[in-house]
Amino acid sequence: MNRRTLAGLGAAGVLAAIALIVTMGSDTEPSSLLAPSDPEVVARGQAVYAETCAACHGGDLEGQPNWRERTPEGRLPAPPHDETGHTWHHDADTLFRLTKYGVGALIGETDYPSDMPAYEGVLTDDDIIAVLSYIKSTWPQEIRARHDELENRP
């Protein structure tokens, strides 16, 4: 092998090692947009939630009754955001996009029947992140840990 080939292989090896280290690091630290341990973010999120979300999702994040069953109009009631609901089954990016753009935009069906409005132009991105951080802050530690694991999947 000539010097140029060896140098190229050496550089490729260094890049592969860096990629491995970066990948390993991302598996051990939550990569979420959310900040459920930041008291200021959580307080802001709690206030925005009370003003904007609680009317449908409940003051205690309990959701509406029979939230898994469609109404006669074909819409699903507001789900709970506590540990009994499915919110924690979705990564932060999905939750953010659902809140900002609405269910129909998220699933690619603009005619999807939903009472959940899109909050683009109503709430700032920081407000949405704060609300989602507040919601996550209320989950039991086991559920938060499971959500963190979900956030760290490649």
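Nothing in this text is a laboratory measurement; each read-out follows from the coordinates by a stated rule. In this text, all values refer to a predicted model and were calculated from it rather than measured experimentally. Please note: Cβ atoms are built from the backbone with ideal geometry, for glycine as well, and neighbour counts cover all protein chains shown.
Summary table below
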{"item": "Separation of alpha-carbon centers, segment 75-98 and segment 99-154, rounded to whole Å", "result": "6 Å"}
{"item": "Packing-based ranking, highest mean first, of 75-82, 127-134, 37-44 given that Cβ atoms within 10 Å are counted", "result": "127-134, 75-82, 37-44"}
{"item": "Size-normalised alpha-carbon gyration radius of segment 53-154, reference 2.2 N^0.38 Å", "result": "1.07"}
{"item": "Whole-number Å³ per residue for the convex hull built on Cα positions in segment 97-154", "result": "111 Å³"}
